[in-house]
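The values are calculated or read from the model by the stated rules, or taken from the named source; none is laboratory data. These figures come from a predicted structure and were not determined experimentally. Here Cβ is always computed from backbone atoms with ideal geometry, including for glycine, and neighbour counts include all displayed protein chains.
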Amino acid sequence: MKLAFVMALTVFAVPALAQSAGKTEVFTSAEVHGQLAQLVDQAKAMGISGSVLADYGTHALKLSAMTTNGSAEMHAHFDDVILITEGKATVITGGTIIDAHTVSDGETKGSGIQNGIVQTVSAGDMIHIPAGTPHQFLIAPGTTYSALVIKVRE
């Protein structure tokens, strides 16, 4: 009987040990909008601004604001999941990066994209850009674009 009890404890304990007791974090709407407002102010001065809400290793939560065009880029190890929170942009995906050069962590940057797919996106839209896909955001003069970006490690 004791052996059966010990075996039962072991069977039920192993799945419990496999579950990690991660820390739940809540980023309130006020916190997110406050940070985005600061980033928009910075972007108005510098063109582009961003911050990291949290980095969990397998994925990161970031905020981004732009008042000018971004460079062309391609991430070797990260998918981008983007929720546009303000404004609109033209996003170019696919194609070939012009003047491509590789920087840290397998990131490729360039001056533009040739032969990509051009789409207009605006507040409320969501975008998924798989790792290895060239992409660039173009911002119309005098407008502001901001977004929540979830970077997911492949």
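Here is how the numbers come out for the structure above:
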quantity: Residue list for segment 51-96, filter: among the aromatic types (Phe, Trp, Tyr) and within 24 Å of residue 124 (Cβ to Cβ); calculated: 78
quantity: Qualifying residue in segment 87-99 (condition: free of Cβ contacts under 8 Å to residues at least 40 places away in the same chain and more than 21 Å from residue 47 (Cβ to Cβ)); calculated: yes
quantity: Segment 97-112, residues that are charged (D, E, K, R) and either at pLDDT below 95 or closer than 25 Å to residue 126 by Cα (or both); calculated: 105, 107, 109
quantity: Candidates 151, 109, filtered to the one that is in contact (Cβ under 8 Å) with a residue 24 or more places away in the chain, under 24 Å from residue 35 (Cα atoms), part of a strand (DSSP E or B) and of a type in the set (Lys, Arg); calculated: 151
quantity: Selected residue [of a type outside the set (A, V, I, L, M, F, W, C), under 30 Å from residue 25 (Cβ atoms) and touching a strand residue (DSSP E or B) at 6+ places or on another chain (Cβ under 7 Å)] from 104, 146, 71; calculated: 146
quantity: Which numbered condition residue 118 fails, given (1) aliphatic (A, V, I, L, M); (2) more than 30 Å from residue 22 (Cβ to Cβ); (3) surrounded by 19 or more Cβ atoms within 10 Å (Cβ to Cβ); calculated: (3)
quantity: Condition met for residue 88 (within 20 Å of residue 140 (Cα to Cα) and among the basic types (Lys, Arg)); calculated: yes
quantity: Contacts under 7 angstrom Cβ, first residue in segment 39-58 being surrounded by fewer than 14 Cβ atoms within 10 Å (Cβ to Cβ), partner not in a loop (DSSP other than H, G, I, E, B), 6 or more apart; calculated: 52/60; 52/62; 54/60; 54/61; 58/153
quantity: Check on residue 88, farther than 19 Å from residue 107 by Cα, surrounded by fewer than 20 Cβ atoms within 10 Å (Cβ to Cβ) and of a type in the set (D, E, K, R); calculated: yes
quantity: Residue match in segment 14-36 (condition: surrounded by 11 or more Cβ atoms within 10 Å (Cβ to Cβ), out of contact with any strand residue (DSSP E or B) (no Cβ under 9 Å at 6 or more places or on another chain) and either modelled with pLDDT of 95 or more or more than 24 Å from residue 106 (Cα to Cα) (or both)); calculated: yes
quantity: Matching residues, segment 136-149, being surrounded by fewer than 18 Cβ atoms within 10 Å (Cβ to Cβ) and hydrophobic (A, V, I, L, M, F, W, C); calculated: 138, 140
quantity: Matching option when the condition is modelled with pLDDT under 95, part of a loop (DSSP other than H, G, I, E, B) and either touching a Gly at 6+ places or on another chain (Cβ under 7 Å) or not polar (S, T, N, Q) (or both), among 57, 132, 70; calculated: 57
